[in-house]
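The values are calculated or read from the model by the stated rules, or taken from the named source; none is laboratory data. This structure is a prediction, so every number in the text was calculated from the model and none was measured. Every residue, glycine among them, receives a Cβ derived from its backbone with ideal geometry; neighbour counts consider all protein chains shown. Accessible surface is based on the protein model in full, side chains and every heavy atom, while ligands, DNA and RNA are left aside. Shrake-Rupley method; radii C 1.70, N 1.55, O 1.52, S 1.80 Å.
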Amino acid sequence: MSDWLAYLETKHPKAIDLGLERVAKVKQRLGLKPTFPVIVVGGTNGKGSVCAMLESILHAAGYRVGCYTSPHLLDYNERVRIGQRQASDAMLCAAFERVEQARAALPLQNMDASLQGNDELSEISLTYFEFGTLAAMQCFIDQAVEVAILEVGLGGRLDAVNVFDHDCAVVTSIDLDHMEYLGDTREQIAFEKAGIFRARKVAVFGDRNVPITIRTQAQHVGAQLWCLDEQFSFTAGAQQWNYHGVSGTRSALPYPALRGAFQLHNASAALAVLDTLKNKLPVSMAAVRRGLVEVVLPGRFQVVPGRPMLILDVAHNPQAARSLAQNLADLPPCRKTFAVFAMLKDKDMASVARALKGQVDVWLVAGIAAPRGATATELSRVLYAEGVESAVLTFVTVTDALQHACNEAVENDRIIAFGSFYTVAEVMRAQSALRVDLRGDT
């Protein structure tokens, strides 16, 4: 498996190369034509949560669910799940082999008949993500799933996931991120996200602040747009909540197991999707309740058991940082909050720091060992420029920063680790050993 992943990184000159022409050609060669319902989920934040809730509810309803998400935290296999189990190395490697044969223009048993013997067939270069997207769908078809959930990697209009037609599209939220690819304004980014909308299919938008381009693109392609607080909504109570949709109300629902104030937006969007597919994929109230209670998604305001409290959050853009700040403010007071903080330099580091500075007592800033990783010095300069007055300490690695936090924090303190998937992944690899060795209280 590791050899395949290393190979995939060498097959295209750019890590990101948006466009559908190359991936569509390989898809055609593979003959990938899913016969099951497909749900495509895009947006700036909340994509992973909506995918996880849909997967959990549909699994509870008894369906064989395929779910493709990215990026992974620890193992590539996290990206491809069937029946809530990660795809095996053998399954993924077999799919990679088929994609490679099609990409390299080698004869395939299921190749489109019109392509057989075509002298113009030539090798096609694919990015890591494009290769993996095709392989995921190959796995889902091979394993005869009954529904597939596909998370958009970047944007929507030109993302590899968009090469597949679908039965329902979701855009969870829109905020400023990946601006070098998607545009400098929320309206421009919304245009790219809305590229997953399809004619005569429902498109769900899961935030209350609807960009004009979401509405205009839905109208342009002939999609049926459902927006939060328009075609569907929710009301929150102390212990339960209610969903109101075009098919009626689902009352007395348990709060999702995923923490955070914004999760009812995500849960409502997921239930709106289920409303659109009720004829193909009927789901009982029991399955909805069980799915919400059992949903799991690492790294999204994830509280790791033990003392001091450790919170993991992949928040890496302004909207996600504001959500994290609100979630921290809603927690009971503690003596000190230590922040293990590391980001990629092409993200809006200043806005993220600005959102969190009122919730952190000690900043433990680290570098990320990745090509786009900001150094601890660069991040600390951003913090000072944003007027952070609390202590700022710098470390070479995230593990070093976490070790310092574990040494200094007492039982009633909390440690938050955020800023990137890389940050959370390194903490996940290191935290168990550090907390046992240094505090002995896990």
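Quick notes on this one:
- Where I141 falls short, out of the listed (1) more than 16 Å from P37 (Cα to Cα); (2) open to solvent by 20 Å² or more (accessible area, probe 1.4 Å); (3) in a helix (DSSP H, G or I); (4) hydrophobic (A, V, I, L, M, F, W, C): (1)
- Among the residues of segment 60-74, those that are open to solvent by 10 Å² or more (accessible area, probe 1.4 Å), touching a helix residue (DSSP H, G or I) at 6+ places or on another chain (Cβ under 7 Å) and more than 15 Å from V170 (Cβ to Cβ) comprise A60, A61, S70, P71, H72, L73, L74.
- Matching residues in segment 389-416 - criterion: being in a helix (DSSP H, G or I) and out of contact with any Ser or Thr (no Cβ under 6 Å at 6 or more places or on another chain): T399, D400, A401, L402, Q403, H404, A405, C406, N407, E408
- Cross-chain or 6+ apart pairs with Cβ under 8 Å, segment 392-411 first and of a type in the set (D, E), then crowded, with 21+ Cβ neighbours inside 10 Å: D400/A366; E408/F338; E411/P308
- Residue in segment 16-28 that is nearest to A105 (Cα to Cα), counting only those that are outside any helix (DSSP H, G or I) and out of contact with any Gly (no Cβ under 9 Å at 6 or more places or on another chain): L20
- Residue within segment 166-188 that is assigned to a helix (DSSP H, G or I) and of a type in the set (V, I, T) present: no
- Taking (1) farther than 27 Å from V352 by Cβ; (2) assigned to a strand (DSSP E or B) in turn, A199 satisfies each apart from (2).
- Of G260, G245, all but one fail to be open to solvent by less than 50 Å² (accessible area, probe 1.4 Å) and either touching a Ser or Thr at 6+ places or on another chain (Cβ under 7 Å) or modelled with pLDDT under 95 (or both); the exception is G260.
Each row is one residue, and each column tells you yes or no for (1) crowded, with 16+ Cβ neighbours inside 10 Å; (2) among the β-branched types (V, I, T); (3) part of a loop (DSSP other than H, G, I, E, B).
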| position | (1), (2), (3) |
| --- | --- |
| K14 | no, no, yes |
| V41 | yes, yes, no |
| L54 | yes, no, no |
| I57 | yes, yes, no |
| R81 | yes, no, no |
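- Pairs with Cβ under 9 Å, 6+ apart, first in segment 208-222 and more than 16 Å from S173 (Cβ to Cβ), second of a type in the set (G, A, S) and surrounded by fewer than 12 Cβ atoms within 10 Å (Cβ to Cβ): V221/A199; G222/A199
- Looking only at segment 371-388, residues that are in a loop (DSSP other than H, G, I, E, B) and open to solvent by 20 Å² or more (accessible area, probe 1.4 Å) come to 5 in all.
- Within the set A355, A370, A405, A401, the sole residue that is under 28 Å from D175 (Cβ atoms), at pLDDT 95 or above and touching a Phe, Trp or Tyr at 6+ places or on another chain (Cβ under 8 Å) turns out to be A401.
- Those residues of segment 387-404 which are polar (S, T, N, Q) and farther than 16 Å from T375 by Cβ, in sequence order: S390, Q403
- The conditions of being farther than 30 Å from Y422 by Cβ and at pLDDT below 95 are met by A104.
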